[in-house]
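> Sharing a structure below in structure tokens format, with a few things to ask.
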Amino acid sequence: MTGRLAIVGLGPGAAELITPLAAEMLADATDLVGYAPYLARVPERAGQRRHASDNREELARARQALDLAASGKSVAVVSSGDPGVFAMASAVFEAIETGKREWRDIEVTMVPGVSAMLTAAARAGAPLGHDFCVLSLSDNLKPWDLVVKRLEAAASGDFIIVLYNPASKARPWQLGEAFRLVARHRAGSTPVIFAHAVSQADERVDITTLADADPAKADMRTLIIIGSSATRLVAGGKGRRFVYTPRHAELVES
Ligand code: SAH
């Protein structure tokens, strides 16, 4: 009998940001598949099997999950944030497209999760209140020239820009380049948010400006939001500052 495969988003880290539907799908699974640190976020259940893997083996992990489902198991593949945003779900569909005929009969369910950008935005205020563009700054899976082309388009289009994967040990210079590129189109006073490990124990959210943004302050667990020409700061209670983008926008030449 063919089993089932749920692709489940775990949210940004905190247990209360796992949706009730995701929790239900995780509890119902006979087998959990995913990157070990993400599996560690899922409460243990007797009789449930865990298949932890390395972060770099997305396609292999997808195939393993599909084989388990094809053998009759009820499988949950876990992903951080939302599984469709720079994450596992695409690897599962790619495996189905290129893989065994029997995998097409598996009942696949996508379970959305709270993506890092939504949590980061909520911490800072409402920076995504108007048109925005989301990019992964990683050039592991695409050429750097394509990153530059898309960033240039987003910057000249005056979009708010969200950057996933802004930096890692292997990619130390890309974020500085991105800030320089955007700064050619936008004022130095443009708000920039560095959101590190949102909803986790070592969360840190810093609000700065494009002129002062220090790329060295970002790592693999940071998400960056660069405001549009309309994004602004407003003072809140207890000395807090919020970043927001108004609901209306004007045409600004940049
Ligand atoms: N599917 C995930 C994104 C995976 S790509 C989602 O929807 O959130 C990995 C990148 O996501 C990281 O490099 C970082 O930029 C961002 N990210 C994931 N979790 C985060 C968190 N808790 N805080 C800040 N950024 C996070």
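The values are calculated or read from the model by the stated rules, or taken from the named source; none is laboratory data. What you see is a predicted model; the values in this text were computed from it and never measured. All Cβ positions, even for glycine, are placed from backbone atoms using ideal geometry, and neighbour counts span all protein chains on display. When the accessible area is computed, the model is the full protein with side chains, heavy atoms only, and any ligands, DNA or RNA have been set aside. Shrake-Rupley method; radii C 1.70, N 1.55, O 1.52, S 1.80 Å.
> Of everything in segment 199-217 that's assigned to a loop (DSSP other than H, G, I, E, B) and not aliphatic (A, V, I, L, M), which residue is surrounded by the most Cβ atoms within 10 Å (Cβ to Cβ)?
Filtering segment 199-217 for residues that are assigned to a loop (DSSP other than H, G, I, E, B) and not aliphatic (A, V, I, L, M), the one surrounded by the most Cβ atoms within 10 Å (Cβ to Cβ) comes out as SER199.
> Take the conditions at pLDDT below 95, surrounded by 13 or more Cβ atoms within 10 Å (Cβ to Cβ) and over 21 Å from SER115 (Cβ atoms) and apply them to SER254. Does it pass?
When the stated conditions are applied, SER254 passes them.
> A follow-up question, please. Name the single residue, out of those in segment 44-66 being of a type outside the set (Gly, Ala, Ser) and free of Cβ contacts under 8 Å to residues at least 12 places away in the same chain, that is least open to solvent (accessible area, probe 1.4 Å).
My answer is GLU57.
> For segment 11-36, enumerate the residues that are in a loop (DSSP other than H, G, I, E, B) and over 14 Å from VAL108 (Cα atoms).
Result: PRO12, GLY13, ALA14, ILE18, THR19, THR30.
> With free of Cβ contacts under 8 Å to residues at least 12 places away in the same chain and either under 20 Å from the mean Cα position of the chain (by Cα) or closer than 13 Å to ILE160 by Cα (or both) as the only criterion, which of ALA201, ALA230, ALA249, ALA235 stands out?
Every option except ALA201 fails the conditions.
Yes or no, residue by residue, for (1) more than 16 Å from the ligand (Cβ to nearest atom); (2) small (Gly, Ala, Ser); (3) part of a loop (DSSP other than H, G, I, E, B):
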residue: VAL42; (1), (2), (3): no, no, yes
residue: ARG45; (1), (2), (3): yes, no, yes
residue: HIS51; (1), (2), (3): yes, no, no
residue: ASP67; (1), (2), (3): yes, no, no
residue: ALA89; (1), (2), (3): no, yes, no
residue: VAL92; (1), (2), (3): no, no, no
residue: GLU97; (1), (2), (3): yes, no, no
residue: GLU102; (1), (2), (3): yes, no, no
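> Tally time: how many residues in segment 158-190 are of a type in the set (D, E, K, R) and either assigned to a strand (DSSP E or B) or within 16 Å of SER229 (Cβ to Cβ) (or both)?
Looking only at that region, the number is 4.
> Next question, about the same structure. Go through segment 218-254 residue by residue and tally those that are assigned to a strand (DSSP E or B) and under 19 Å from GLY129 (Cβ atoms).
Within segment 218-254, residues that are assigned to a strand (DSSP E or B) and under 19 Å from GLY129 (Cβ atoms) number 12.
> Here is a follow-up. From the set of residues in segment 69-87 that are near the ligand (Cβ under 10 Å from one of its atoms) and either of a type in the set (Asp, Glu) or part of a strand (DSSP E or B) (or both), which is surrounded by the fewest Cβ atoms within 10 Å (Cβ to Cβ)?
Only one residue fits best here, namely ASP82.
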